[in-house]
Each structure stands twice: as structure tokens, then as C-alpha cells.
Amino acid sequence: MFSVSDISRYYGLAFGLRDFLRNKITLEQSKKFISTRLQNRERNFLNLIQKVIYENPESPYLKLLKNAGCEFGDIESLVNKDGIEPTLCKLLEEGVYISWEEFKGKRDVIRGGNRFHVRERDFDNPLLPDYYHVKTSGSRSAGTRTIFDLKYLWEKSYYALPMLAVNNALDAPMGLWMPGLPSMAGIVPLLRYWSLGRPIARWFSPVTESQVQASLRDRLATRFTIYSARLWGAKLVKPEYVSLAQAVKVARWMADTRKQFETCSISCFVSPAVKICQAAIENGLDIEGTHFFVGGEPLTEAKRQQIEAAGALAVPRYFTTEIDIIGCGCPGTAADDDVHFFHDSLALIEHQRKVEHTDTYVNAFHFTNLSLSAPKIMLNVESDDYGVMETRSCGCLFEQLGFVRHLHHIRSFAKLTGSGMTIIGSDFVHILEKVLPQKYGGAATDYQLLEEEDNHGQTHLNLIVSPSVGAINDSEVINTVLSELHRSVRSGKLAAGFWSQINTLQVKRIYPISSSGKVMTLHLTKQK
Ligand SMILES: [Zn+2]
């Protein structure tokens, strides 16, 4: 079960942790680091292309560049003449990109007459030591391997204090309601906030290790990280299991902490944040002025309103497991999920793609990671997200640092592709989050559309209504959904296949299903 290489990995991780936890980052250092990275942006990009692509014969990107007849000197002169983004657009036109499916190793790369196979690990950074691999959890990309790299974690930590400062939360004790390994969502902030001199005060985990089917290796790695950190003098808190149904426990901790320290923050996914606020209101707990640093799922208008109904403040963050943090919101936000894009370490261009099984096109985000420490080498890698990108002024610290590009209305096209669900998906979100709670009670997180695929590939649609909503008439609820759909659906946009499925729409009275502690409004799952 455990090999010599496992032991040496742990050994490497332990000593990496020692250095990581000994150093501290200040706000001034953070500003300086970001500003230097912005100044060296072009140089960092070219350095990366040279070191991990042109000097790495195994790189899948090298095949694409050769196929496009593109030498390093060509890229260098393009970047010097036009800048990074126009260069990336030109490369994309020449076929130098990796689609979302290709990045996951699910589809061969075909460009012109050339075809080759790629595996997920072909995108691993060849310059990194092989510390520890985790699988990403949750809806984004189940099963993706990502390297737990402390140097990269450290680089990305320079955003954390500006994120707190922009949102006036520098002095607020921070709690976590995030799962442990194999998800990185808990362990990363646990280490990061220690290095900011602001250790996480409490770590609640919405799932148990057995619920997320954590392997023995993951379980050991969590304990190993916490206990070896203690050996180096860092008193990191252990995760305490608090299920999504027990949100009141987190709300109570927030209210108590607020009373003691006048302020409090929590980092969690969006739907658990809504649950905390609901629980606070229902139990008369005062969490006014506390901060919810949320992410991992869209912060919709309804969900933001439910957080604000408790007097709390919602701060959207955009992150993925492969990249870590991509952007963060500020108080001068324009849209519900508006974030400043951290372009000192990333480049982003958009490219139109067809969403499979539909007649819909979206401008998918294509990311390039400019860091030499990134676990995955990403050059024009399509993500399953799309959204609005714009340059806008809001006058906050992020803008002073140079982050003038904003992203908002960020949604995933991949989650809603089953059976022509894409368009229906976005219409359904409004019905589930607003119409049904208004008419039948409960909150946005009490309703969920569950698409289940059986072994025969048949799709079944279940409208999940939490038992906490109380007595309802099933057929009346279904009629409400159908008539709302008729009203809101744009003509001709419905895939014909969907209507036959409408007949199979059933109400199920169970608690909405969560994966890694998130309640997605639309839950797509495949039965085993
Ligand atoms: Zn701002």
C-alpha cells in the first residue's frame, strides 16, 4: 500500500511545510510581490514557454506549436510587438490550444491532419517535485489529478491579504466550512492563513472522510500535514464534522465570535453560506457585518440576497482546483458575482465553442498560467466556464494594484449539457431559487433539479424539495414549474428531447444532494 517513494514524498512534504510555515507574508510584501509580477509579466510568460514547452520534448503544446510551424522566436517577437493576449489569440487561431475535453484526457487532439493522444498527466509541470497528488472533488472535474505544491501555494498566498484588506476584513477571525482531502478547499486556506499570521480559528467540514470516500492516503495526508505542522510550531486546527443540516452550529460560532471580536469571517461554498444565514435568521443569531468569502458555485442574485438578508456581506471568489484563486470581489461590485481578475499570474482569452447536444454557443474562458510553479502547464487551456469579461473602474485597492479587468456572470457550460439541458438549466435556476421559495416557502437551497442517468443511459428528472419546506401538493408544484418554463423559455431554444422528459418530472421529498459540501441547484449524476 505504501512504497518507498510514498515515504520520500511525505518526507519532502514535511520539510517543504517547515519552510512554508516559518515564513510570514505582510500586506506590504503582498503589494510589492504583485506589482513586480505585473512588471515582469511578459518576461515570465516567455520564460515559461521556453522552459516547460520548448525545452520539454514531451510537452503536448510543443506538438501543437510545431504543427502550427511556430518557433520560440516567433512567439517572442509577437509578445514584444503586441503583448500576451493578442499573441494567445493568434496561437489559438493556429490551433495552439487545448480543449476542456482534451485537458482531461477524454478526447484525442486533432489539428488539421494531425491526431495524437494526451493523458492528464502530460500536462503536469515537469519542473516540480512529485510531492503529493490529490484528485479534485466536486462538480468541476471529478477525478482530475493536481499536484499539491507548496511553492505555488505560497505564490498564490500573496493575494490573500489584499483580498481581506479590500473587503475590510483584515482583523476578522476566519473560520472555514470546507471539506478536507481529497478536496483542497480546506487544507489550502488552513496553511495559507497561518503564513499570513492569521491562523484559521475553526475548521468545520461539511462532509466526513467516508462521505467523500477519502482514500487512506488522503486521510493520512490530512493528519500528517496538521501534525507535522505542529512539529514546526504551527498550531493548525483539526476539521470538525458539521453537516449541511447543522448550519446553525456554524452560525452560532459566527455570532459568538462577532460578539467577542466585533467581527468575523467565514470561507465556504455559496450554498452553505446561504444555509448559515438562514439558520442565523431562524435562530435569532446576530451575524450582521460578518463576511462570507464564497466561491465554488455561482453567486446568483437570489443567493446573494439571502446572505445579505442576515445583514452579512458576500465576497465572491473565483477559483479552480487546477489554478487556485483567479479573482476576488470588492465592495464596489457591479454584478452579484463580479471579481477582479488577477492577471499578474494568469492570462485569459475567450473563444466561442458549441455546447454539446445543444444549439448553444458560449465564449469559453481559455487560461494560460504564467507561473513556473503551477502544478499544471496551461497554455490556452479551455475551462468549462464562460462569462463576461470587461475593464471597469471601481477605485478599490485591487484597482490600485493594477487589476482593472473584471469577470462576472461566470457559469459552467459543462454541468448542464445533459439531454439538451443547457438553456433549460439557466431558466430552471430562476424557478428553483426564486419562484418556488416565494410560493411554497424555504430557501434557494431547499430546491434542486436532479438529473439522473441510469445504466441504460436513460435520463430521469427529479425535482427535489427538502422535507423542511413542509406540506406541498406535488402536482401543483410541477404545474408551477411547467407554466414558469413556458413563460420564461425563449422560443425555439428548447431541445425537443427535453419535453418528453418533462413527463418524467417527479417531485422527491429528500434533502438536496450535496457533493463536497456544495448544493448545486442542478445536480447531474450517473448512477453506478
Ligand atoms: Zn474593486
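The values are calculated or read from the model by the stated rules, or taken from the named source; none is laboratory data. For clarity, every value in this text was computed on a predicted model and none was experimentally measured. We place every Cβ from the backbone using ideal geometry, glycine too, and count neighbours over all the protein chains shown.
Couple of notes before you dig in:
- Residue under evaluation LEU128, criteria (1) aliphatic (A, V, I, L, M); (2) more than 19 Å from ASP384 (Cα to Cα); (3) touching a helix residue (DSSP H, G or I) at 6+ places or on another chain (Cβ under 6 Å); (4) assigned to a loop (DSSP other than H, G, I, E, B), criterion not met: (3)
- Selection status of ILE110, surrounded by 14 or more Cβ atoms within 10 Å (Cβ to Cβ) and either farther than 27 Å from VAL188 by Cβ or under 27 Å from the mean Cα position of the chain (by Cα) (or both): no
- Just so you know, in segment 427-451 the residues that are acidic (Asp, Glu) and out of contact with any Lys or Arg (no Cβ under 8 Å at 6 or more places or on another chain) include one that is surrounded by the most Cβ atoms within 10 Å (Cβ to Cβ), and it is ASP446.
- Candidates ALA251, ALA185, ALA247, ALA221: the one that is crowded, with 22+ Cβ neighbours inside 10 Å and in contact with a Lys or Arg (Cβ under 8 Å, 6 or more places away or on another chain) is ALA247.
- Restricting segment 380-409 to residues that are of a type in the set (Ser, Thr, Tyr) and surrounded by fewer than 17 Cβ atoms within 10 Å (Cβ to Cβ), the residue that is nearest to the ligand (Cβ to nearest atom): SER393
Each row is one residue, and each column tells you yes or no for (1) small (Gly, Ala, Ser); (2) outside any loop (DSSP other than H, G, I, E, B); (3) modelled with pLDDT of 70 or more.
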residue	(1), (2), (3)
ILE410	no, yes, yes
LYS415	no, no, no
GLY425	yes, yes, no
SER475	yes, yes, yes
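- Residue match in segment 321-337 (condition: closer than 17 Å to TYR152 by Cα and at pLDDT below 90): yes
- Search result, residues across segment 338-370 that are modelled with pLDDT under 95 and in contact with a Ser or Thr (Cβ under 8 Å, 6 or more places away or on another chain): ARG353, LYS354, VAL355, GLU356, HIS357, THR358, THR360, ALA364
- Of all positions in segment 17-31, none carries a residue that is surrounded by 14 or more Cβ atoms within 10 Å (Cβ to Cβ), in contact with a Lys or Arg (Cβ under 8 Å, 6 or more places away or on another chain) and in contact (Cβ under 8 Å) with a residue 40 or more places away in the chain.
- Selection over segment 306-356 of residues that are within 15 Å of the ligand (Cβ to nearest atom) and part of a loop (DSSP other than H, G, I, E, B) gives a count of 12.
- Check on GLY296, surrounded by fewer than 24 Cβ atoms within 10 Å (Cβ to Cβ) and away from the ligand (no atom under 16 Å from the Cβ): no
- The single condition among (1) aromatic (Phe, Trp, Tyr); (2) in a strand (DSSP E or B); (3) touching a helix residue (DSSP H, G or I) at 6+ places or on another chain (Cβ under 7 Å) that TYR386 does not meet is (3).
- Note on segment 72-89: among residues that are under 22 Å from VAL118 (Cβ atoms) and out of contact with any strand residue (DSSP E or B) (no Cβ under 7 Å at 6 or more places or on another chain), the one that is surrounded by the most Cβ atoms within 10 Å (Cβ to Cβ) is ILE75.
- Lone qualifier among PRO182, PRO199 - being in a loop (DSSP other than H, G, I, E, B), more than 24 Å from ILE25 (Cα to Cα) and touching a helix residue (DSSP H, G or I) at 6+ places or on another chain (Cβ under 8 Å): PRO182
- Test: ARG37 is in contact with an Asp or Glu (Cβ under 7 Å, 6 or more places away or on another chain), surrounded by 15 or more Cβ atoms within 10 Å (Cβ to Cβ), farther than 17 Å from THR87 by Cα and modelled with pLDDT of 95 or more: yes
- Out of ILE25, ILE34, ILE53, ILE49, one residue alone is under 27 Å from the mean Cα position of the chain (by Cα) and part of a loop (DSSP other than H, G, I, E, B). It is ILE25.
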